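Chemist: One structure follows; several queries about it will come next.
Read-outs throughout are calculated quantities, based only on the coordinates presented, and are distinct from any laboratory measurement. Just so it is clear, the model here is predicted, and its values are computed rather than measured. Positions of Cβ are backbone-derived with ideal geometry, glycine not excepted, and every protein chain shown enters the neighbour counts.
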Amino acid sequence: MIHLNIGSNLNSKFGSRFDNITIAIDLLLSAKVKIKKISNFYETPSYPNKKFPNYLNVGILCSFNGNPEILFGIIKSIEKKIGRFKTKKNDPRVCDIDIIDYNSDIVKKASITLPHLRCHTRNFVLYPIKEIDPNWIHPVLKQNINYLIKKLDFKSRIEITRLGKNVNIKL
């Protein structure tokens, strides 16, 4: 299975942060990404600059008939369609889609590294994974999701809110 994480902390021409994520999921479905599960929305402060708007994130469990590089190209195209353009690292963005894990493959190329290098340190990645795939094990660290969440510092564990709202898409 493939794990994706979609985030947004700015409105776009399509609407709110919620709308941006929903549109990104619609575009993934149109690109033949087979979505199995979508987490609730999670909200976290922007990192490292907490003065920026809060982020919304969802985790997605899916499959795709292609290699990670093809999926990466599709993702970059979707981000651009929603209105993302290159800015400084950690600046606000309308859409950010990351491949967290691709069938437990370990890939180190100039264009892509899998699993995502910092996924095990990010609350907005780990909590959605726990919701949709509670038995997930990090392919490199060989640690399960519960262990990785316990390794987060206390601040990271309390600075995340699971919202009582789901993506409004029928799978």
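Chemist: Segment 61-131: which trypsin sites (Lys or Arg not before Pro) are DSSP loop and have at most 12 other beta-carbon atoms within 10 angstrom?
Modeler: K86, K88, K89, K109, R118
Chemist: Still on this model: Can you give the Rg to Rh ratio of the chain, both from alpha-carbon atoms, with Rh computed by the Kirkwood formula?
Modeler: With Rg and the Kirkwood Rh in hand, the quotient comes to 0.93.
Chemist: Just want the answer: with Cβ charges of +1 for Lys and Arg and -1 for Asp and Glu, which residue in V94, G66, I149 is farthest toward the dipole's positive end in segment 50-171?
Modeler: So the residue we want is V94.
Chemist: Using 1/(1 + (r/R0)^6) with R0 = 25 angstrom and r between the beta carbons of Y47 and K151, what's the FRET efficiency to the nearest 0.05?
Modeler: 0.90
Chemist: Using 0.36 nm times the number of residues separating D91 and A110, minus their current alpha carbon distance, what extension gain do you get?
Modeler: Here the answer is 4.6 nm.
Chemist: Which value in deg cm²/dmol, rounded to the nearest 500, describes the helix-derived mean residue ellipticity at 222 nm for the chain, given -39,500 (n - 2.57) per DSSP H run of n ≥ 4 and division by the residue count?
Modeler: Rounded to the nearest 500, the figure is -9000 deg cm²/dmol.
Chemist: Treating only the Cβ atoms of Lys and Arg (+1) and Asp and Glu (-1) as charged, compute the dipole magnitude of the chain about its Cα centre; round to the nearest 20 debye.
Modeler: Rounded to the nearest 20 debye, it is 300 debye.
Chemist: Before anything else, pin down the relative contact order of the chain: Cα pairs under 8 Å, at least 6 apart, normalised by residue count, whole percent.
Modeler: 31 percent
Chemist: Using θ = phi - 60° and the Karplus relation 6.51 cos²θ - 1.76 cosθ + 1.60, list the HN-Hα couplings for segment 158-165 in order, rounded to whole Hz, with x at every Gly or Pro.
Modeler: 3J(HN,Hα) across segment 158-165, in whole Hz: 9, 8, 9, 10, 7, 7, x, 9.
Chemist: Can you list the residues, at least 5 places off or on another chain, whose amide H is less than 5 Å from the amide H of V107, using H built in the peptide plane?
Modeler: L114
Chemist: Per 0.36 nm of contour for each residue apart, how much would the distance between T121 and N168 grow if the chain were fully extended, relative to their Cα-Cα spacing?
Modeler: The span from T121 to N168 would gain 14.1 nm if fully extended.
Chemist: Sequence neighbours fewer than 8 away in the same chain don't count; with that in mind, list the lysines whose C-alpha is under 23 Å from K151.
Modeler: K50, K130, K142
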